[in-house]
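Trainee: I have a structure I would like to understand better, so I am pasting it below and will then ask my questions one at a time.
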Amino acid sequence: MSNPSAHWPFFDLVIQTPRLTLRYPDDHRAAALMDLAASAGVHDPGYMPFSVPWTRFEPPYLQRQGMQHYWRMRAELQPESWDIPFAVYDGDELVGIQALGAKAFAVTGTVGTGSWLAKPVQGKGIGKEMRAAVLHLAFEGLGAERAVTSAFADNTRSIGVTTSLGYQDNGWEVDDREGTAVRHLRYVLERAAWVMRRRDDITFAGLDPCMPVLGIASPRAD
Ligand SMILES: CC(C)(COP(=O)(O)OP(=O)(O)OC[C@H]1O[C@@H](n2cnc3c(N)ncnc32)[C@H](O)[C@@H]1OP(=O)(O)O)[C@@H](O)C(=O)NCCC(=O)NCCS
């Protein structure tokens with residue numbers, strides 16, 4: 001039988017931290033992620049952390065549209081615009097997702113991130129560790145120049161992750177959250193600031209064959 005990784009090398013892309021393993025979601029992992037979101041929940045019903053309120057969907061549509069979301073990221077990946085989701089494991093336990101994406105990366109050198117964790121495991125340092133993992137892949141592996149992120153002004157936990165990793169304020173905009181105007185805060189982490197905090201206990205494997213698919217010739221040298 002043919003090996004899908006031979007044609008889609010992201011299936012073999014892995015990031016390892018002392019605590020977490022981040023793996024590209026195949027269909028089984030994508031289904032498990034959506035079942036996790038459905039069973040454990042991602043936030044209190046009275047709060048919405050996302051601009052696209054996908055967590056309001058009811059099963060089984062919640063899981064089905066999630067599968068489509070992961071397939072869409074795969075199908076639409078190209079050098080000009082890509083999103084790489086990672087299923088996050090704390091030991092053997094699937095806990096959530098950490099995504100890394102970029103537009104015109106060859107020109108901008110800029111990556112963005114997005115994430116969620118199952119509610120029961122939030123507030124235990126996993127969010128910070130998984131963001132540090134994809135930042136390591138971006139700066140060390142892809143040669144990124146900067147990372148950006150954003151969160152609603154009242155998402156103190158997400159902002160806590162961001163500021164604890166050294167991002168700086170980068171302005172704000174007003175967003176539509178389920179029909180209400182809310183301030184959306186932007187943050188940026190420049191390469192020089194990341195180098196100051198660079199960790200030596202995060203590793204990744206399987207990136208080399210992904211580089212040409214992302215249109216990246218070779219990572220920059222410091
Ligand atoms: C956002 C999310 C991924 C963060 O992950 P987490 O594991 O809960 O966060 P952590 O426990 O890693 O917190 C990391 C940092 O934020 C700080 N922090 C956590 N909660 C905080 C709070 N309420 N206020 C201020 N800082 C906070 C922690 O102190 C820690 O910083 P430190 O290491 O310097 O002490 C997770 O809470 C989540 O999935 N939330 C729901 C979905 C969501 O909001 N996604 C992001 C949309 S922008």
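Trainee: Would you work out if the range 11-210 is rounded, prolate or oblate? Take a ≥ b ≥ c from the square roots of the eigenvalues of the alpha-carbon gyration tensor; rounded if a/c is under 1.5, else prolate when a/b is larger than b/c, oblate otherwise.
Mentor: It is rounded, given that a/c, with a ≥ b ≥ c, falls under 1.5.
Trainee: Taking the alpha-carbon distance from Lys128 and a cut-off under 19 Å, which aspartates and glutamates remain once sequence neighbours fewer than 8 residues away in the same chain are dropped?
Mentor: Straight-distance partners of Lys128: Asp90, Asp92, Glu93, Glu140, Asp154, Asp169, Glu190, Asp200, Asp201.
Trainee: In whole Å, how far is the Cα centre of the range 172-207 from that of the range 1-31?
Mentor: Cα centroid of the range 172-207 versus Cα centroid of the range 1-31: 23 Å apart.
Trainee: Moving on. Quick test of the membrane-span-like rule: which DSSP H helices of the chain reach at least 18 Å along their long axis (C-alpha atoms) with mean Kyte hydropathy at least -1.0?
Mentor: In the chain, the long hydrophobic H runs are 27-40.
Trainee: Related question: Using 1/(1 + (r/R0)^6) with R0 = 35 angstrom and r between the beta carbons of Val52 and Met1, what's the FRET efficiency to the nearest 0.05?
Mentor: According to the calculation, E is roughly 0.45.
Trainee: Sticking with this structure for a sec: Go ahead and estimate [θ] at 222 nm for the chain from helices alone: -39,500 (n - 2.57) per DSSP H run with n ≥ 4, summed, over the residue count, rounded to 500.
Mentor: Mean residue ellipticity at 222 nm (helix-derived): -8000 deg cm²/dmol.
Trainee: Here's a follow-up. When Lys and Arg each count +1 and Asp and Glu each count -1, what net charge do the other residues less than 9 Å away from Leu20, Cβ to Cβ, add up to?
Mentor: -1
Trainee: In sequence order, what are the phi-derived ³J(HN,Hα) couplings for the range 197-208 according to the Karplus relation 6.51 cos²θ - 1.76 cosθ + 1.60 with θ = phi - 60°, rounded to whole Hz, with x for glycine and proline?
Mentor: Once rounded to whole Hz, the list reads 10, 3, 9, 10, 10, 10, 10, 9, 9, x, 7, 3.
Trainee: While we're looking at this one, here's another question. Over the chain, what is the percentage of antiparallel beta bridges among all DSSP beta bridges, to the nearest 5?
Mentor: Among the beta bridges of the chain, antiparallel pairing accounts for roughly 95 percent.
Trainee: For the pair Arg64/Lys119, report the inter-label distance in nm, with labels modelled 7 Å from Cα in the Cβ direction.
Mentor: 2.5 nm
Trainee: Please give the charge dipole size of the chain, origin at the Cα centre, charges +1 on K and R Cβ atoms and -1 on D and E Cβ atoms. Round to the nearest 20 debye.
Mentor: For the chain, the charge dipole is close to 280 debye.
Trainee: Relative contact order for the chain: what is it in percent, counting Cα pairs under 8 Å that are at least 6 residues apart?
Mentor: Contact order relative to length: 23 percent.
Trainee: Given the options Tyr70, Tyr61, Tyr89, which has the most mean-square fluctuation in a GNM of the chain, springs set between C-alpha atoms less than 10 angstrom apart?
Mentor: Result for the chain, Cα springs under 10 Å: Tyr61 fluctuates most.
No value in this document is a laboratory result; all are computed from the given coordinates. The model shown is predicted, which means the values in this text are computed figures rather than measured ones. Please note: Cβ atoms are built from the backbone with ideal geometry, for glycine as well, and neighbour counts cover all protein chains shown.
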